[in-house]
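The values are calculated or read from the model by the stated rules, or taken from the named source; none is laboratory data. Because the structure is a prediction, the values reported are computed rather than measured. Ideal geometry is used to build each Cβ from the backbone, glycine not excepted, and the neighbour counts take in all protein chains shown.
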Amino acid sequence: MNTYLQRTKDTILDYLGKAQRTAAKIQEGYSIYQKEAMEREEKRLREELAKARKETEAKLDGIYREASSGAREWGKLDGAKLTADAQLLQGQGVTPEQFTELVERYQDNYTMLDALRKFGEARNKATVKEAREAGNNDIFVPAPYDVRNIPGPDAKMQEWDDMRKRANYFLNVADGTGFNSDFEKGFATSTAQKAFDAWGEEQPAQQRTSEDIQATFRKAWGFVEE
């Protein structure tokens, strides 16, 4: 899990704890103090929590800005970042297995990833062309070089946009959890807890919309519109 997402999740959990502690004080207060006095205290406690919510949102916005800035910087092409491995892409000697290894190796180097993507797409198109010339008229011609999961700047920015939106969702769930009469450590429902625990562990394909998947599939695997 990347650092930005971990910080986001930690920030949400911190707020969840505050919401739960506030709920506990309110529930306990009504069993001890007179109703009128406790209503005033509840108002004060809820105002404190609202302030904590705003502070939490400000922290999340700060993390988002850092992540977005990092993505823009990461996505700048820089010839100085081309390594000796780039020479391997001048010919056709890189096997699909070696290609995948190189993609994994250069996840932090967009310049190399861009070179790898261009190489893979060119080899895939050549494979489709060779198959057509050999009489293979199947709609989908499997291409050997998997370029589907090579990230680009737009994908990185979308990742951080999605992270910020999902953070708001879990903040809202935290509010509801804190004031649930059966609240406990963690989110009140197992569904919310599982979703929170799995956040960041999904495979890239699981995070895409069906449209994105279809478009990427058609492009990467050599679908040709006749």
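General observations
- Residues in the stretch 108-153 that are more than 27 Å from the chain's Cα centre (by Cα) and among the polar types (S, T, N, Q): 4 in all.
- Of everything in the stretch 1-35 that is under 19 Å from V173 (Cβ atoms) and of a type in the set (A, V, I, L, M, F, W, C), the residue that is nearest to the chain's Cα centre (by Cα) is L5.
- Meets criteria (assigned to a helix (DSSP H, G or I), more than 29 Å from Y4 (Cα to Cα) and of a type outside the set (D, E, K, R)) for I26: yes
- Selection count, the stretch 113-134, where residues are out of contact with any helix residue (DSSP H, G or I) (no Cβ under 8 Å at 6 or more places or on another chain) and not charged (D, E, K, R): 6
- Close contacts from the stretch 180-202, counting a first residue that is more than 27 Å from K25 (Cβ to Cβ) and a second that is modelled with pLDDT under 80 and of a type in the set (A, V, I, L, M, F, W, C), with Cβ to Cβ under 7 Å and a gap of 6+ residues or different chains, come to G200/M1.
- Of all residues in the stretch 120-158, those being surrounded by 12 or more Cβ atoms within 10 Å (Cβ to Cβ) and part of a helix (DSSP H, G or I) number 17.
- Qualifying residue in the stretch 87-107 (condition: of a type in the set (D, E), loosely packed, with under 13 Cβ neighbours inside 10 Å, closer than 19 Å to N2 by Cβ and under 27 Å from the mean Cα position of the chain (by Cα)): yes
- Given (1) within 24 Å of M163 (Cβ to Cβ); (2) part of a helix (DSSP H, G or I), index of the condition E41 fails: (1)
- Just one of the listed residues (G17, G91, G70, G79) is farther than 30 Å from D154 by Cα and not hydroxyl-bearing (S, T, Y), and it is G17.
- Only residues that are under 16 Å from Y110 (Cα atoms) and modelled with pLDDT of 90 or more were counted across the stretch 133-151, and they come to 2.
- So M157, is it in contact with a helix residue (DSSP H, G or I) (Cβ under 7 Å, 6 or more places away or on another chain) and closer than 30 Å to E57 by Cβ: yes
- Lone unmet requirement of (1) at pLDDT 95 or above; (2) farther than 30 Å from A84 by Cα for A167: (1)
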